[in-house]
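The structure appears right after this line, and notes come after that.
None of the figures in this text is laboratory data; all of them are computed from the coordinates on show. Predicted model only: the values in this text are computed from it and were never measured. Note that each Cβ is placed from the backbone with ideal geometry, even for glycine, and that neighbours are counted across all protein chains shown.
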Amino acid sequence: MTRETAIEKALEFFDDGDYVAELSRRVAFRTESQKPEQQPELYRYLEEEITPAFEAMGHDCRIFENPVDGKGPVLLASRIEGEDLPTVLGYGHGDVIRGLEDQWREGLSPWETVQDGDRLYGRGTADNKGQHTINMNAMRIAMEARGKLGFNSKFMVETGEENGSPGLHALVAANKDAFAADVFIASDGPRVSPDTPTIFLGARGVKNFDLICELREGGHHSGNWGGLLANPGIILSHALASIVSETGRIRVKEWLPGPLPNSVKAALRGLTVDGGENAPEIDEGWGEPDLSPAEQVYGWNSFEVLAFKVGNPDNPVNAVPPRAWAHCQLRFIADTDRDAIIPALRKHLDAHGFDMVDVLPPPDMNAGDFASTRTDPDNPWAAWAAASLQKTSGTAPAVIPQLGGSICNDVFTDILGLPTIWVPHSYASCSQHAPNEHILLSEARSAIELMAGLYWDLGEGNTPNAA
Amino acid sequence: MSREAVIDRALAYFDEGKFLDDVARRVAIPTESQNPERIPDLYRYLTEEMQPTFEAMGYACRIYDNPIAGKGPVLLAHRQEGDNLPTVLGYGHGDVILGYEEQWDEGLSPWRIEERGDKVYGRGTADNKGQHCLHMAALACVLEERGHLGFNHKFMIEMGEENGSAGVNDIVAAHKDAFGADFYLASDGPRIDAAKANVNCGNRGAVNFDLVCELREGGHHSGNWGGLLANPGIILSHAIASIVSEKGQILVKDLLPPPIPNSVRVALRDVIREGGPDAPEVQEWWGEPGLSASEKVYGWNTFEVLAFKVGNPDNPVNAVPPRAWAHCQIRFVVGSRFEEFPEIIQKHLDENGFDTVRVMPPPEGNVGEFKASRTDPDHPWPSYIADSVTRTTGEKTVKLPNSGGSICNYIFQDTLGLPLCWIPHSYVGCSQHAPNEHILKSVTREGIAIMAGVYWDLGDPATPMPARS
């Protein structure tokens, strides 16, 4: 048996329709972690789908209860073949965001996959059921081809990622030995473009917060009071304008990353961003001047006004509004001081005369707060994984220091101290957090090849030495 | 037969409860002009309450149907005493805003007046039934006392003011002779200070418009796209910041009025804003630098963001939003280039790199389109009325050049060419567009005396009206 055989078997599995069939079964589980009433579905997904699949691959499975009451469980599947073999920790999440059933295109449903040309629609096809289903089968096929893995496998599947991975840090920290490994290899998120195999080594962090300017109770007739009462909508507009320029350049000095390491600069050089079909047009003049699009999203920080509300937008009246509210976000790369974000903003607002603008925690439903993480592009595991992908596809993959989006990657980098290698199988326009979520079957097919090759290579005995 | 006698007669009318009986009957007719089902009540108010009362005073009445389907009628009552006598046009509106029955305090109803201490509650007590009732009662007292008015009088009652006075200007413009007069005198709105009578010579206008920055369809994941896609919320914030400073100063010169006329400046020196006990705290650092508080609100233009929406505020997600929308307003005084405001703003935006922000018409629910008006406070007409008020109250009567808010004055100033004067009988805490609308008995009692004095003086050869202009 050879590497080629493993890849052929993987393609057979895909071409016979077995992949789509297995994924369709998993999509039918309504594992919406933001809905407390779907809690039993989270357990059922782990018990009825994931546990049997790993047990069939000779893994021992253990389900950890979430330390946070009412939050989803975490499965850890382990197969230890030898003390001296490298241990690889995998990851996936079985939960999905809300179905938003009534918003899907006619003929589509979040809970029943529909194939339309190259697209396979369904909630979780991209995020993340479709991705861990690829990895689990690629690992199984590589193991069957060789008769063993040739490495130790640990694979965790959590069920709370779309709800901010509550309890995950505490759970892993309390069970470090159980989750311990030499390297982390998993799949989530998009490739830089649908046809470009991609590795990302970390993820931008995110900090959501609210800005509120509340000057008084109730609105006051804009004729009788206009000119006498400060308008909080105008003040908050100015406060935002002081934080970020009209072309998206961040003006709060402490929010900017320090100098980028050369390894990161080199990794980003020449990288192009391609969102695929239906992607929005990139605004070249936006963001930090003189950065390439890849540098903007993978190598710099970005500030967003996610939502803004003044007065009563649905039923406006002629009144000086009492209150203005903006829900904002900073995405940041690893060279940013996460703990300084909010204090620096307070200082900035005060220094610019906006002491009447309060910085407050974001609403619970969108309380994004993730650390920024990055494994150094010079880490030998990065080169090793890139070589494996290149061996399969024939071209060098794109290696991104940090994904633009945010993931609980600090569980692996900081708590477990692992180099993190993410091999994403989706693309930027997959509608992963919206109606009409889908994967591209051509991309999934290339992904199962890549992963079969990668899991094969992990058992070849030539991985980097354990850190 | 004397000025004192007519005032005593008016005060007796009030003290015997007859005035509040008039108001009670009229408040009981639910004349909500924003509620299409109330059209029959709008007519009923005119045919059952206004017309009989005016006819009893020797006025000829005509009801004009509104040229706009589904809008309320207008009554014109006319008492002609002599072709050589000057003619005064009065105005009131018999419609009210929505009742909001369930939101009134325990035991109160919008359609039944209720006295509690100095307050008399009921929808329309302040805006405007209570105020035109004062005119009608005072006119009756003068007629009883003198036998005639001594001048010609026209009084129009419209039934759509709270719905934007739709069609009223068309009616007046089509019947200029019928509505024509020499002077305009009416009551609506609040006094500057509840404790002191004032007159008012005009109003600020309003132009509402939307600013929209729509960059693409749908939101895009802020992780995957943040830094690559322009954020319309940020752009619109900057656009607004370029129009008005963080201290409320309008930065676009063409949106400003001409310098405040000297007569207005002088008149405003007497105007001290007293919002009452529940009034919000005024920010002295807000608005045009160098102006007094009363100059800011009565003598200058103001820019407001009335509403602003980006993304989905009720259920926010981590996406670069596709669109930002702000609903804005400029209140302006006479002399402003208000008809060009939208173009002026668009030109300013285009010249400052905000060409992705478009000036759009406001939503139908809040079009807020009012012209400004002002009769110079030094004009003999408001001075004449202020002097009459002073004869009754014994106190100096402040002449407010114009109110901060907006009313359909342009019909009288522009369409009919009349010098304006208003005598407001309400106060700013009257909740006129909210639940618990009320008047103060003390102010209203003084109001009936003031109106009796004014209508007496208008027909008294000892206090001749100013020459017709």
Normalised per residue, the volume inside the convex hull of the alpha-carbon atoms of the stretch B:302-344 in Å³ amounts to 82
Output the antiparallel fraction of DSSP beta bridges having both residues in chain A, as a percent to the nearest 5. 70
Rounded to whole Å and ordered largest first, report the semi-axes of the equivalent ellipsoid of the stretch B:25-159 derived from its Cα gyration tensor (root of 5λ). 29, 19, 10
Would you mind computing the Rg to Rh ratio of chain B from its alpha-carbon coordinates, Kirkwood style for Rh? 1.01
Just need log10 I(q)/I(0) for the stretch A:45-166 at q = 0.13, 0.17 Å⁻¹, Debye formula, equal scatterers on the alpha-carbon atoms, no solvent, rounded to two decimals. -0.60, -0.92
Radius ratio Rg over Rh of the stretch B:391-469, counting only Cα atoms, Kirkwood formula for Rh: 1.00
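Which number do you get for Rg(Cα) / (2.2 N^0.38 Å) in the stretch B:1-69? Could the numbers behind the result be given before it?
Numbers: Rg = 15.8 Å, N = 69, 2.2 N^0.38 = 11.0 Å.
Here the answer is 1.44, to two decimals.
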For chain B, what is the percent of antiparallel DSSP beta bridges, rounded to the nearest 5? 75
All other residues with a Cβ under 14 Å from the Cβ of B:Arg44 taken together, and with Lys, Arg as +1 and Asp, Glu as -1, what is their net charge? -2
Counting DSSP beta bridges in the protein assembly as shown, what percent are antiparallel, to the nearest 5? 75
So for chain A, averaging the separation of alpha carbon pairs under 8 Å that are six or more residues apart and normalising by length, what relative contact order in percent results? 26
Rounded to whole Å, give me the distance from the Cα center of the stretch A:323-391 to that of the stretch B:347-423. 51
Could you give me the ³J(HN,Hα) list for the stretch B:213-230, computed from phi with Karplus coefficients 6.51, -1.76, 1.60 and θ = phi - 60°, whole Hz, x at Gly and Pro? 10, 10, 9, 6, 8, x, x, 10, 2, 6, x, 6, 10, x, x, 9, 10, 4
Would you tally the net charge around A:Arg119, using a Cβ to Cβ cut-off of less than 12 Å, leaving A:Arg119 out, and scoring K and R as +1, D and E as -1? -4
In whole Hz, with x marking every Gly and Pro, tabulate ³J(HN,Hα) for the stretch B:249-255 from phi via Karplus 6.51 cos²θ - 1.76 cosθ + 1.60, θ = phi - 60°. 7, 6, 9, 9, 4, 5, 8
Give me the Kirkwood hydrodynamic radius of the stretch A:218-357 in Å, from all C-alpha pairs, to one decimal place? 17.6
Out of all Cα-Cα pairs in the stretch A:121-256, roughly what percent, to the nearest whole number, are more than 24 Å apart? 61
Inter-centroid distance (Cα atoms) of the stretch B:7-33 relative to the stretch B:288-327, Å: 42
Assertion target for B:Ser442, A:Ser292, ordered by fewest C-beta neighbours within 10 angstrom first, is B:Ser442, A:Ser292
Rounded to the nearest Å, what's the spacing between the alpha carbon centres of the stretch A:143-159 and the stretch A:168-186? Just the number, please. 16
Taking every pair of alpha-carbon atoms in chain A, give the share separated by more than 43 Å as a whole percent. 17
In Å, descending, principal axis extents of the Cα set of the stretch A:1-116: 50, 41, 19
Note the per residue figure in Å³ for the convex hull of the C-alpha positions in the stretch A:350-404. 156
Given the Cα atoms of the protein assembly as shown, and with Rh set as the inverse mean 1/r over their pairs in the Kirkwood sense, what is Rg to Rh to two decimals? 1.15
Could you tally the net charge around A:Leu228, taking each other residue with its Cβ under 11 Å from the Cβ of A:Leu228, Lys/Arg +1 and Asp/Glu -1? -1
Expected sort for B:Thr390, A:Thr133, A:Thr125, A:Thr463 with the fewest Cβ neighbours (10 Å cutoff) up front is B:Thr390, A:Thr463, A:Thr133, A:Thr125
Write down the radius of gyration of the stretch B:148-268 and its Dmax, each obtained from C-alpha positions, in Å. 24.2, 82
